[in-house]
Amino acid sequence: MTQTSTIPLEKTPLETYVPPAKPSLIGLSRAEIADKLGSVGVEERHRKMRAQQLWHWMYVRGAKSFAEMTNVSKDLRATLAEHFTVDRPEVVAEQISSDGTRKWLLRLPSGDDVQKAHEVECVYIPETDRGTLCVSSQVGCTLNCSFCHTGTQRLVRNLTAGEIVGQVMVAKDRLNDWPQAVGADKDGNRLVTNIVMMGMGEPLYNFDAVRDALLIVSDNEGIGLSRRRITLSTSGVVPNIVRAGDEIGVMLAISLHAVRDELRDELVPLNRKYPLAEVLQACRDYPGASNARRITFEYVMLKGVNDSLDDARRLVKLLKGIPAKINLIPFNPWPGSKYECSDWEQIEKFSEYVFNAGYSSPVRTPRGRDILAACGQLKSETEKLSVRERDALRAMAMTD
Ligand code: SAH
Ligand code: SF4
């Protein structure tokens, strides 16, 4: 058995989402909302205008019920409430870190079977000049990066577009960040200014829902976040990288973490399917990448594993010709993790080398470590692997 075969590439199968009897309109496109209106008897000539009204109430005002939508007739409000909701995921727990980071544990029902309700986490990181929301795209992750807590989670389900947009809505609800809400800042100073698809899951393995959700949050007549303030992070699903540029147009981040295929095969097992050369070619081809819109390369600092100056040298060589910036992430340990974070001195040396080669190379300050909200620490408690399941995974890996 070689070293790289110790980690299985992917887990299967995916669980599927079953909509509740009364579905939420959150996450639907305008055209889909118009269709729903048609299904409850709204005449075709009124559908577009009504859909636009609902859109405004949901995404500008953050309405939580049809009853609030006062410019919609009483009858229609009652009909809508009979068939639909504007529900977002339910907040099960809210934790606030000593550094102001907030983490929400969200419950996602599926069908009417309570056993099928899963949980995801969503994190808000306030900084002086911005507020970043870290959003999840899946319950767990089918990939098994060896340094990532989410990767050890047993259950995997793709989130729907509504559940992804719903995370943004929950954050805005909890932070009182709807521009027209009582007590909210009405001068256009928003709290959620940036979104990173860096929570649980691999966003490019849930492409359609992530695309639909990001098109909604960047819609100018709604939440209105600029696509330049939205970053999608991927472990390197090559065929969908170009699609992300073409169909979503957001900023791209690549979880690189290693500069040799042998090591990357082990850290990011998806590398066995899409090796470094292919990932980097997809970056060269990324639509819209330029010196003003650089691709971020994330690099987790693992002591004695990928943090030598030789690694830094190769990194610079590898990225030649790509408009890039490098984001060094100190490894965040989690219970049972087998790595250590590089020494601070080594991180600084690495960063300095990369900086001197002409790349911006900020070290990501770990935020919310006390509430396990930092990168790679997200994982819903209810989805833990049992010892037996861990053993089974290991056995699978031996035969992989
Ligand atoms: N699945 C996507 C996005 C989610 S992870 C991806 O892998 O890109 C967001 C970032 O956190 C990724 O760069 C990921 O590699 C990194 N990460 C995962 N576990 C980590 C840990 N324990 N410490 C630091 N960073 C971690
Ligand atoms: Fe999945 Fe990203 Fe974690 Fe890898 S780092 S297991 S792709 S969430």
Could you count how many residues in the stretch 314-326 are surrounded by fewer than 21 Cβ atoms within 10 Å (Cβ to Cβ) and touching a Ser or Thr at 6+ places or on another chain (Cβ under 7 Å)?
2
Give the stretch 327-347 a look and list any residue that's open to solvent by 20 Å² or more (accessible area, probe 1.4 Å) and not small (Gly, Ala, Ser), or say none.
327, 333, 334, 335, 338, 339, 340, 341, 343, 344, 345, 346
Please go through the stretch 31-46 and give me each residue that is surrounded by 16 or more Cβ atoms within 10 Å (Cβ to Cβ) and within 20 Å of residue 224 (Cα to Cα), ordered by number.
33
Please go through the stretch 121-153 and pick out each residue that is more than 13 Å from ligand 2 (Cβ to nearest atom), touching a strand residue (DSSP E or B) at 6+ places or on another chain (Cβ under 6 Å) and open to solvent by less than 20 Å² (accessible area, probe 1.4 Å).
122, 123, 124, 132, 133
Might you check whether a residue that is open to solvent by less than 70 Å² (accessible area, probe 1.4 Å) and modelled with pLDDT of 95 or more occurs anywhere in the stretch 113-120?
no
Condition met for residue 49 (open to solvent by less than 20 Å² (accessible area, probe 1.4 Å) and not assigned by TED's automatic domain parsing to the domain that holds residue 136)
no
Could you go through the stretch 69-92 and let me know if any residue there is out of contact with any helix residue (DSSP H, G or I) (no Cβ under 7 Å at 6 or more places or on another chain) and under 27 Å from residue 367 (Cβ atoms).
yes
(1) part of a loop (DSSP other than H, G, I, E, B); (2) in contact with a strand residue (DSSP E or B) (Cβ under 8 Å, 6 or more places away or on another chain) all hold for residue 327 apart from (1)
For the stretch 202-239, what are the residues that are within 10 Å of ligand 2 (Cβ to nearest atom) and in contact with a strand residue (DSSP E or B) (Cβ under 8 Å, 6 or more places away or on another chain)?
202, 203, 204, 205, 233, 234, 235, 236
Against the definition (modelled with pLDDT of 95 or more and among the β-branched types (Val, Ile, Thr)), how does residue 371 come out, yes or no?
no
Of (1) open to solvent by 20 Å² or more (accessible area, probe 1.4 Å); (2) touching a residue at least 12 places away in the same chain (Cβ under 8 Å); (3) within 25 Å of residue 230 (Cα to Cα), residue 106 satisfies all except one. Which?
(1)
Test: residue in the stretch 144-160 that is under 15 Å from the mean Cα position of the chain (by Cα) and basic (Lys, Arg)
yes
Please count how many residues of the stretch 237-284 are away from ligand 1 (no atom under 11 Å from the Cβ) and either in contact with a Gly (Cβ under 6 Å, 6 or more places away or on another chain) or in a strand (DSSP E or B) (or both).
4
Just the residues that are touching a residue at least 40 places away in the same chain (Cβ under 8 Å) and among the β-branched types (Val, Ile, Thr), please, taken from the stretch 175-214.
192, 193, 195, 196, 210
Within the stretch 118-142, the residues that are of a type in the set (Gly, Ala, Ser) and assigned to a loop (DSSP other than H, G, I, E, B) are 136, 137, 140
Subset of the stretch 288-313 [open to solvent by 40 Å² or more (accessible area, probe 1.4 Å) and either assigned to a helix (DSSP H, G or I) or over 21 Å from residue 340 (Cα atoms) (or both)]:
288, 290, 291, 292, 293, 294, 309, 310, 313
Those residues of the stretch 162-201 which are open to solvent by less than 10 Å² (accessible area, probe 1.4 Å), assigned to a loop (DSSP other than H, G, I, E, B) and touching a strand residue (DSSP E or B) at 6+ places or on another chain (Cβ under 6 Å) amount to 192, 200
Please go through the stretch 143-161 and pick out each residue that is more than 8 Å from ligand 1 (Cβ to nearest atom) and not in a helix (DSSP H, G or I).
144, 146, 153, 154, 155, 156, 157, 158, 159, 160
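The values are calculated or read from the model by the stated rules, or taken from the named source; none is laboratory data. Being a predicted model, the structure only gives us computed values, none of them experimental. Backbone-built Cβ (ideal geometry, glycine too); neighbour counts: all protein chains shown. Surface accessibility is based on the protein's heavy atoms, side chains included, excluding ligands, DNA and RNA. Shrake-Rupley method; radii C 1.70, N 1.55, O 1.52, S 1.80 Å.
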